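The values are calculated or read from the model by the stated rules, or taken from the named source; none is laboratory data. The structure displayed is predicted, hence computed values, not measured ones. Cβ sites come from the backbone with ideal geometry, for glycine too, and all protein chains shown count toward neighbours. The area values use the complete protein model at the heavy-atom level, side chains included, leaving out ligands, DNA and RNA. Shrake-Rupley method; radii C 1.70, N 1.55, O 1.52, S 1.80 Å.
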Amino acid sequence: MLTQGLRSELQRIAVLALLLLIAGFFNGYILATLITGGSLYMLWTLHRIHRLNRWLEQGGRDYPPPASGVWGEISDQLYRLRQRITRYRQDHLNLVTRIRRITDALDEGILILDGERTLEWWNPAAARLLGLQRRDEGAPIINLVRTPAFVAFIRTGRFAEPVEIEAPNQPGRLLQFSATHFGANEVALVVQDITRLRQLERVRTEFVANISHELRTPRTVLTGYLETLRDGAENQPPAWQQAITQMSEQTRRLTLLTEDLVTLSRLESTPLPAYTEPVPLQPLLAAIVDSARALSGGHHHITLECPPELAVEGVARELHSAFANLVYNAVRHNPQGCAVQVRAGSTDGGTWVEVADDGIGIDARHLPRLTERFYRVENSRASSSGGTGLGLAIVKHSLLRNGGRLEIRSTPGKGSSFRCLFEPAAAAH
Ligand code: ADP
């Protein structure tokens, strides 16, 4: 399919050839006239090419030189192409400026490291947090931040977990670095000042620990008086008897709540003991299952399957707390007649302990939030089952401190399974 320009160019050549033939016919030199006319046409074409070339050489600014036929068409196409490129370049520039403005305004520091882990680019926040200067460009990052934990973080290149260190030259200021690989073996580092966050966390943990501790004394006094009142309750009017029963029930809940708060704050605030030991799972789980049977009053079918030699490296009290919470939950949150299976075993992936039930199950939308403090499934029997809402938070923290993690699977109406997984390093056979 011929384009408009090519068609008019061909028409022009045809008309020119016809005129040259007629002129040649009249002057008697057909060939010479054709050659002369053809040469003139070529010269004119060369002139048009030259003008177009000069326009391109000058950067293709403004409009291209006026031309008709195929060269006019080529000029138009080039002009449109140039306009498109200019537009792209402008968009690109605008985007770069926008990204720059955003990174300049960020409170988080961003640093780009090349394959050799030298500093390629950073934003003003990174300069502020790390005291970087222009001349640091191209310097290895581990020469600028020499803290061993940070050096190991960069050298190993394993960035799944962020690293926290004290800021170089600013004692007392805590920085958190997270990193991602991108492009051709480049690394993007994000650095944040987490001093205030950690301070607030410490204040919160201490506050919870103190308040739960402080609540113990008034609670003991209340419980003592209530015991005495209950002993002589039959002589009291019925309204009093009911009040005493309710007060006893609420103090029992208060006791559970303070005990759970104390456990949780101890898990959060005390460092992991330097010495851990292989904790045999069979006797630990057997004791928990016995208590769970007592709690259930024979209304649930609770079974235990655990190889006798199985053990997990950790702190026995904390592991007990994690498994017990799971087994008691299976009893407390499920109706009578349900089966609760406590199983343990090991694979290449490590040792696992699972508490599975065929009870009410939990809707999928609750699962991600289940280990949050005081999170309860709506319309659940939780409040009537006497839970504090802290059980699964305790499980999560106990497991984390002992090299384990929790996997929850549940189908409403079919039951739930809570699986504790311990990586091989933490497992001791
Ligand atoms: P609680 O003290 O209420 O048991 P948890 O943190 O232990 O608090 O559990 C959070 C919620 O998860 C519970 O309120 C309950 O609704 C739900 N849940 C926990 N375990 C089970 C289970 N085995 N079956 C059904 N629901 C469960």
- In region 214-228, is there at least one residue being modelled with pLDDT of 90 or more and basic (Lys, Arg)? no
- Is it the case that some residue within region 293-306 is outside any helix (DSSP H, G or I) and near the ligand (Cβ under 9 Å from one of its atoms)? no
- Message: Take the residues in region 326-356 that are in contact (Cβ under 8 Å) with a residue 60 or more places away in the chain, part of a strand (DSSP E or B) and within 9 Å of the ligand (Cβ to nearest atom); name whichever of them is nearest to Pro278 (Cα to Cα).
- Response: Val355
- Scanning region 398-424 for residues that are surrounded by 21 or more Cβ atoms within 10 Å (Cβ to Cβ) and over 18 Å from Arg343 (Cα atoms), the one farthest from the ligand (Cβ to nearest atom) turns out to be Asn402
- Those residues of region 195-210 that are exposed (fewer than 13 other Cβ atoms within 10 Å of the Cβ) and β-branched (Val, Ile, Thr) come to a total of 1
- Message: Considering only residues that are closer than 30 Å to Glu268 by Cα and open to solvent by 70 Å² or more (accessible area, probe 1.4 Å), which ones fall in region 212-252?
- Response: His213, Glu214, Arg216, Thr217, Thr220, Val221, Leu222, Glu249, Gln250, Arg252
- Note on the structure: Filtering region 72-95 for residues that are in contact with a Pro (Cβ under 8 Å, 6 or more places away or on another chain) and outside the structural domain of Trp55 (by TED's automatic domain parsing) leaves a count of 0
- Task: Identify, from the list Val187, Val203, Val208, the residue that is among the β-branched types (Val, Ile, Thr), touching a residue at least 24 places away in the same chain (Cβ under 8 Å) and over 30 Å from Arg158 (Cβ atoms).
- Result: Val208
